[in-house]
Structure formats: C-alpha cells, structure tokens
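Here the structure is laid out as structure tokens; the discussion comes afterwards.
The values are calculated or read from the model by the stated rules, or taken from the named source; none is laboratory data. Predicted model only: the values in this text are computed from it and were never measured. We place every Cβ from the backbone using ideal geometry, glycine too, and count neighbours over all the protein chains shown.
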Amino acid sequence: METKNNSAQLSTLKNYAPTIVLLALIIGLTIWSFSTGLAFTEGTPEITPMVIVLLIIVGLAAGLLGGIIGTGGCSVMLPILHFYLGYPAPIAIGTTLFAVIFTAISGGYGHLIRKNLDVRTTLWLAGFGIIGVVLGSYMFDLLSDQTMLLGLFLGIAFLLPAIRMIYEGVSHGKKAQPEGNTIPGPDAGKGAFGFVIGILTGLVGLGGGYALVPGLIYLFNAPVYVTMGTSLATMIPLAIVGGGIKLAEGYVAIGAALLLATGTIIGAQFGAAIIKKFKPTTLKLIFGVYFLYVSMKFILAYFGIQIF
C-alpha cells in the first residue's frame with residue numbers, strides 16, 4: 001500500500017515538475033525585472049502593492065478560464081488592464097498576448113498529461129499559424145488605425161457560433177457528442193485554418209483561442225475536451241511569435257505581463273484538472289456565453305460603448 005502511495009506521489013510530482021519550474025522561472029524574472037527597473041514601462045500606471053495583488057488575481061482567473069474553455073484568457077486580462085488600470089490600448093494588447101505565452105504552456109501541458117490533446121492537429125495548426133502571425137503582425141502595422149472596424153467584423157463573425165453553442169448547451173445536445181483523442185478532418189484544412197487563426201492573432205492580439213475552439217468544434221467536429229487542450233497547445237507558438245513581436249515593438253509592460261503570467265500558470269493547471277468534471281453540453285454553454293460576451297464587447301466598442 002505504501003509503495004503504491006509513493007508511486008502515485010512520484011507520478012504527481014513528475015507531472016507537475018515542468019509547471020513548478022516554469023513558475024519558479026517567472027517568479028525569478030519578476031523579481032529581477034523589478035530590481036533592475038525593467039518592470040516599469042514609461043506611459044503606464046504605477047505598479048503599487050495593490051496592483052501587484054490584483055494582477056496576480058486577474059491572471060489566476062484568466063488561467064482558470066483558459067484551462068477550462070481552451071483560450072488564453074486575453075479577454076479577461078485585456079479589459080482590466082485597459083479600462084480599469086488605465087494601460088494604453090496598444091500596450092494592454094501586447095502585454096496580455098505576452099502573458100498568454102505562459103498560460104498556453106501551463107494549460108497545454110496540463111491537458112497533454114491528461115491526454116486532452118491531438119498532437120498531430122496541433123502541429124498542423126501551429127505550423128501554418130506561425131506564418132499567419134507574422135503576416136497578421138505586419139498587417140496590424142499597416143491597419144493599426146482600423147482596429148475598431150476589425151473588431152466589429154470579428155464581433156459579428158462570432159455571434160453565430162456563440163448562439164449555436166448556447167443553444168446546444170441549453171438543449172443538452174440532442175446530437176451525439178464526438179468522442180476520442182483525435183480531431184478528424186484533412187490536414188490541409190487544419191493548416192489553412194491555423195493560418196487564418198495566426199493572422200487574427202497578429203492582427204487583433206487576442207491569442208486565437210476564441211476562434212480556435214468554435215472552429216475546431218464546428219468545422220472539424222472535434223471532441224470538446226480534446227479541443228480545449230489542442231487550442232491551448234496551438235497558442236503556445238502563436239503567442240510566442242506574436243508576443244515576441246509586440247515586445248520588440250515596445251508594446252509589452254514587462255512587470256505587468258510577468259505578474260499576470262504568475263497567476264495564469266497556476267490557474268491554467270486548475271482549469272485543465274477540473275475540465276472533465278463538466279459535461280460537454282455544460283462546457284458548450286460556458287464558452288458559448290463567454291464568446292457571446294466577447295462578440296458584444298467588440299461590437300459595442302465600435303459604437304463607443306464599453307462593457308466589462
């Protein structure tokens with residue numbers, strides 16, 4: 001009995017070791033950035049002890065949500081940074097996209113060890129997605145004064161999947177839910193879809209999870225649980241490239257990004273751990289409501305109406 005307990009403890013430690021190392025690295029980088037002054041970005045609000053606590057809590061909430069519904073949590077972090085803490089919009093976008101790197105790594109690994117991930121599909125999505133991120137980042141520079149209009153288009157585009165998810169969640173999914181550990185569909189189609197997601201990530205800076213999840217479910221008939229892990233794993237290289245470009249362009253507040261990342265790493269693990277406590281129809285209802293919120297936020301922002 002004791003041998004089984006020791007074996008279980010070693011297995012648990014092995015599973016969480018990479019996350020612990022990543023968290024230790026982020027904490028070390030955070031301390032270093034504050035001690036050297038790199039954490040303080042010109043034109044951004046002062047980082048007080050209360051703000052530090054708030055940023056970690058916001059990151060925790062974003063990571064938890066991301067781990068459950070397969071997104072990076074940008075739509076949680078970005079509005080708080082911009083609307084409540086007063087970060088300029090370009091810096092809020094770059095900072096959250098940079099923080100998503102760590103959300104995706106933590107959550108993606110959490111789903112990988114629980115086998116909620118299709119590795120082959122992830123490689124196709126991410127491989128072509130990286131090309132899209134570079135192109136989207138270039139387009140962002142050219143169309144930076146039209147981001148509100150682009151947001152309106154995105155909001156309208158995601159109304160349909162949001163409403164459909166809510167309907168299926170409320171009706172308890174009369175259609176049988178796909179099962180298994182793989183996502184069906186042609187590899188070329190997945191690559192093309194990843195390319196589009198990459199463009200949106202570089203252009204709008206929201207990580208891509210808000211589009212990956214409904215796209216995989218409705219375009220490729222993907223199992224819900226596998227969709228979450230695959231979405232987060234795909235976002236790792238997309239966020240690294242997109243966040244890296246934003247960092248090079250000076251749109252990342254390092255201190256705020258690292259504090260958010262500290263929370264997201266922990267939250268994403270919790271989200272990945274509890275995802276199978278929800279029924280697929282419940283998950284659809286949760287992220288259907290979430291995507292409806294994102295859609296309305298984009299649309300209303302175009303008309304000058306800001307919502308949380």
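Yes or no, residue by residue, for (1) surrounded by fewer than 24 Cβ atoms within 10 Å (Cβ to Cβ); (2) at pLDDT below 85:
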| site | (1), (2) |
| --- | --- |
| Pro237 | yes, no |
| Leu247 | yes, no |
| Gly263 | no, no |
| Ile266 | yes, no |
| Lys276 | yes, yes |
Quiz prompt | Residue among Thr234, Thr264 that is out of contact with any His (no Cβ under 6 Å at 6 or more places or on another chain) and more than 18 Å from Pro214 (Cα to Cα) | solution = Thr264
Exercise. Check whether at least one residue in the range 62-69 is part of a helix (DSSP H, G or I), modelled with pLDDT of 90 or more and crowded, with 24+ Cβ neighbours inside 10 Å, and report yes or no.
Key: no
Exercise. With the condition kept exactly as written, say whether any residue in the range 139-155 is surrounded by 13 or more Cβ atoms within 10 Å (Cβ to Cβ), of a type in the set (Ser, Thr, Tyr) and modelled with pLDDT under 85.
Key: yes
Self-check item: Residue check, Ser295 within 25 Å of Leu23 (Cβ to Cβ), buried (at least 17 other Cβ atoms within 10 Å of the Cβ) and in contact with a Gly (Cβ under 6 Å, 6 or more places away or on another chain)
Solution: no
Exercise. Test Ile27 against the criterion of being outside any loop (DSSP other than H, G, I, E, B) and at pLDDT 90 or above, and give yes or no.
Key: yes
Self-check item: Tally of residues being under 11 Å from the mean Cα position of the chain (by Cα) and hydrophobic (A, V, I, L, M, F, W, C) across the range 200-251
Solution: 11
Quiz prompt | Candidate set from the range 93-111 (those that are in contact with a Phe, Trp or Tyr (Cβ under 9 Å, 6 or more places away or on another chain) and under 17 Å from Val294 (Cβ atoms)); member that is surrounded by the fewest Cβ atoms within 10 Å (Cβ to Cβ) | solution = Ile93
Quiz item: What's the number of the condition Phe270 fails, among (1) crowded, with 19+ Cβ neighbours inside 10 Å; (2) part of a helix (DSSP H, G or I); (3) in contact with a Leu (Cβ under 7 Å, 6 or more places away or on another chain)?
Solution: (1)
